[in-house]
Amino acid sequence: MSEKEDLAKQKAAAAAKAKAVALARKKAKEEAAEKPEGEIDIAKQKAAAAAKAKAAALAKKQAKEAAAGKPEGEIDIAKQKAEAAAKAKAAALAKKQAKEEASEKPEGEIDIAKQKAAAAAAAKAKAAALAKKQAKEEASEKPEGEIDIAKQKAAAAAKAKAAALAKKQAKEEASEKPEGEMDAAKQKAAAAKAKAAALARKQAKEAASEKPEGEMDAAKQKAAAAAKAKAAAAAKAKAAAAAKNRTAVQESGEVDTPREISLNQSKLDQIVSAIESHVGQGALLENYINRLSKDVPTLVANPDTYFSIAKFLRYDEQLDFSYLSELHGTDFESHMEIYVHLHSFKMNQSVALKVKLDRDTPVIPSLVPLWSGANWPECEAYDLLGINFYEHPDLKRILLGEDWKGYPLRKDYEPYDVEV
């Protein structure tokens, strides 16, 4: 009797379950008929979930009722059977619902969806093929040298970008770290930089080994030319920066920082005072310490008082500039200039005497009567610059012949015989 009762209960449960499913499907169809397509899909999903949950609850309830009338051994077997049956039924129901949803869609919509997916895949493949083809065409239109340059530029750009990113990250990390960790990070960065340089060198060698000799030579020449241009640009920039710094330092020194008084300033004041006392107040046009020439006291004489000042320096007992070490002329384009360097063993002091002359008619008294050592230097200035030293005992050309045309140390000199 128990088996018959179980069978009857199972049949009744199955009938009730089938009825509930049919009722749920009918309700879902009625609701779907009243709703637009988007809401129908959501309603179907909700109805399927509700039906599944309802079926599971009913099966659970029936299993509990059946278990209440059976001994333990039968209960376990019944549980296993019920679970297996519920699992199989749920899978069948899901499969059936999927089929029903597919059967409810017209064939046109299914085909359109498939066509759209296929068209999207085809378009993607076509775009990839077109991009590949264009890249090949561009590469085939360019000569080998340009391709290499393009590759080098791309590699350089990528390398620069990576370096900038690494530098930025390093700065951010450094700002957050204490000094000890920063030093370690710097060492790591230096090691990474060296490693990257070694890797780049290795890659360059491998790339060079794959190229024929002609291409390698051309690549080497290009690399050498690029390196040379880069070095020249760097040198130029460095020189410009140095010049700018020098100018800034000079300007700051002249404007802001007062210079220390030279040790020779007192000697210069003494010499200037003696000249103005004995030769006259207007004898000197200018006097200063030449810091570019070992702080030598420098006197700029009036052409009319040039010989008088030189004579005073030579024979004054206190000054006694008995030694003439140098005399030369210079063309400044706007004027000529004579520079005389004198030394006093008595004072253990040197002094420079200058005089500016008219460039068209450069005439000045000779210093040979005061210092015999002025003989040849004045002849040289006459020979190469055309400066005339009157009262010179034997003024002549000592390097060029007497028939030589022009004066070679003048800025506007042009050879008379160009072929020579």
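Remarks
- Within segment 343-370, being among the basic types (Lys, Arg) and at pLDDT below 95 holds for Lys346, Arg359.
- Some residue of segment 325-348 being open to solvent by less than 50 Å² (accessible area, probe 1.4 Å), over 30 Å from Leu263 (Cα atoms) and in contact with a helix residue (DSSP H, G or I) (Cβ under 9 Å, 6 or more places away or on another chain): yes
- Filtered residues of segment 378-404 (kept if surrounded by 20 or more Cβ atoms within 10 Å (Cβ to Cβ), closer than 26 Å to Asp316 by Cα and touching a helix residue (DSSP H, G or I) at 6+ places or on another chain (Cβ under 7 Å)): Phe389
- Within segment 349-377, tally of residues that are in a helix (DSSP H, G or I) and open to solvent by 50 Å² or more (accessible area, probe 1.4 Å): 2
The values are calculated or read from the model by the stated rules, or taken from the named source; none is laboratory data. Remember, it's a predicted structure, so these values are computed and weren't measured experimentally. FYI the Cβ positions are ideal-geometry reconstructions off the backbone, even for glycines, and counts take in every protein chain you see. Accessible surface is based on the protein model in full, side chains and every heavy atom, while ligands, DNA and RNA are left aside. Shrake-Rupley method; radii C 1.70, N 1.55, O 1.52, S 1.80 Å.
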